Amino acid sequence: MIKSFQSMRRIVFGVGSLEGLGEEIRRLGGTKVLVVTDPGLKKAGVVDQVTAVLEKEKFGFSVFADVEPDPKVDVALASAAAAKAWGPDVIVGLGGGSSLDIAKVTSVMLTNPGGIEPYFGMERVPKPGVPLILVPTTAGTGSEMTSICVLSDTKNRVKKGVVSEHMYARTALLDPQLTVALPPRITAMTGMDALVHAIESFVGRLGTVFTDTLNLKAIQLAAANLRLAYAQGENLAARENMLHASAMAGMAFSNTQTGLAHAIALAIGGRHPLPHGLLTALIIPWVMAYNLIASPAKFVQIAEAFGEKTAALPQIEAARLSVKAVKSLLDDVGISYKLSDYGVPPEQFPEIARDAAGAQRFMRNNPRAVTEADVIGLLEANY
Ligand SMILES: [Fe+2]
């Protein structure tokens, strides 16, 4: 059986690595930069930190700072229009997953004709984009390592993805100093999303020795550091470990895709304005309990990565400890995994189940077969 693993080109990391941004732009032959980011980071002065580096090194630059959380198709079109007006030779994406996703899609919209519609789906973008440097300020979506852009189609109440190998960054720059100001609640939600990526990619059907290695390390790092990053935001070692966990999970799941927790999260997220990381976090314990009979050995490894004592137990009992460990982490970072706490009405369960069970990109990797009735059962059992 022929398998493959692919990733982005170069990772620059370490405390203070933002200072190296100019050098990274020069490596790519860049002279004229577009920074794609969001208004919150502009207000917080983080964009100024980046443009100060660009100014000092005499690059021409323009800033598009209108990316919103869970960006709509319109934001991608506006960013592409700004890019076409400025004509950059390097794009720097700065922010959480939304800004990085918009930076990625902007890069390929500059070099490929038409709007965005033809590019939704898997590998439909014909030509490479403008070289991309992605700088995450959360840990995270892992978006800096993936070839995916997720957009909201508000008209049809769905999330749609552009997946293209042309959207891989040339360089990801991981500076933990950019994440220390994240409030605890956002640290918890984004950190859990990174952990969910690693878990779903790790237990899935499409895992390989390469993705398993990255995912297991990401799970170990998140298990050991998320509580600390949440409790002690300025702890640079915890922040750096979370940034690396997020990036490693991103490298992995860009190859495998994720699974049922993401399918349900996107189906709910298309109908309710709940943060993506909160949704995947609250859903993952239900989905782990559902999936574990299909891949118990992997779940035992997850339990062990959390420090659970599995040696004296039958395999299936040891596997169940992984669910207990993740629930304990959620309790400690203040995330309820009870659906009724989030205002999702049971009348919507059938349509959520239909969308989730029909999401092929996730279901291809999910270890256990899933029907609409199974999803409704999960939603009801965890309401
Ligand atoms: Fe996610």
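Looking across region 258-267 at every residue that is out of contact with any Ser or Thr (no Cβ under 7 Å at 6 or more places or on another chain) and within 13 Å of the ligand (Cβ to nearest atom), the one that is farthest from Phe202 (Cα to Cα) is identified as Leu266.
Limited to region 172-190, what total is found for residues that are within 16 Å of the ligand (Cβ to nearest atom) and either open to solvent by 30 Å² or more (accessible area, probe 1.4 Å) or in contact with a Gly (Cβ under 6 Å, 6 or more places away or on another chain) (or both)? Adding up the residues that qualify gives 3. Being at pLDDT 95 or above and either under 21 Å from Ser143 (Cα atoms) or outside the structural domain of Ser340 (by TED's automatic domain parsing) (or both) is the filter here, so list the residues in region 276-323 that pass it. If the condition is that a residue be at pLDDT 95 or above and either under 21 Å from Ser143 (Cα atoms) or outside the structural domain of Ser340 (by TED's automatic domain parsing) (or both), then Gly277, Leu278, Leu279, Thr280, Ala281, Leu282, Ile283, Ile284 are the ones that fit. Is it the case that region 244-255 has a residue that's open to solvent by less than 10 Å² (accessible area, probe 1.4 Å), within 12 Å of the ligand (Cβ to nearest atom) and assigned to a loop (DSSP other than H, G, I, E, B)? No, region 244-255 contains no residue that is open to solvent by less than 10 Å² (accessible area, probe 1.4 Å), within 12 Å of the ligand (Cβ to nearest atom) and assigned to a loop (DSSP other than H, G, I, E, B).
For region 122-148, filtering for residues that are away from the ligand (no atom under 13 Å from the Cβ), more than 14 Å from Thr171 (Cβ to Cβ) and open to solvent by less than 20 Å² (accessible area, probe 1.4 Å) leaves 3. Annotation: of all residues in region 63-83 being at pLDDT 95 or above and β-branched (Val, Ile, Thr), the one that is most open to solvent (accessible area, probe 1.4 Å) is Val63. Give the residue that is nearest to the ligand (Cβ to nearest atom), with candidates limited to residues of region 274-291 that are out of contact with any Asp or Glu (no Cβ under 7 Å at 6 or more places or on another chain) and more than 18 Å from Val323 (Cα to Cα). So the residue we want is Pro275.
Residue count for region 191-237, restricted to those that are crowded, with 19+ Cβ neighbours inside 10 Å and charged (D, E, K, R): 2.
Provide a single number: the residues in region 32-57 that are under 13 Å from Gly93 (Cβ atoms) and either open to solvent by less than 10 Å² (accessible area, probe 1.4 Å) or not in a helix (DSSP H, G or I) (or both). So the answer is 8. Within region 1-27, the set of residues being closer than 16 Å to Gly93 by Cα and hydroxyl-bearing (Ser, Thr, Tyr) comprises Ser17 only.
The values are calculated or read from the model by the stated rules, or taken from the named source; none is laboratory data. Just so you know, these numbers come straight off a predicted model, no measurement behind them. Note: ideal-geometry Cβ built from the backbone for every residue, glycine included; neighbour counts use all protein chains shown. Heavy atoms of the whole protein, side chains included, go into the accessibility calculation; ligands, DNA and RNA do not. Shrake-Rupley method; radii C 1.70, N 1.55, O 1.52, S 1.80 Å.
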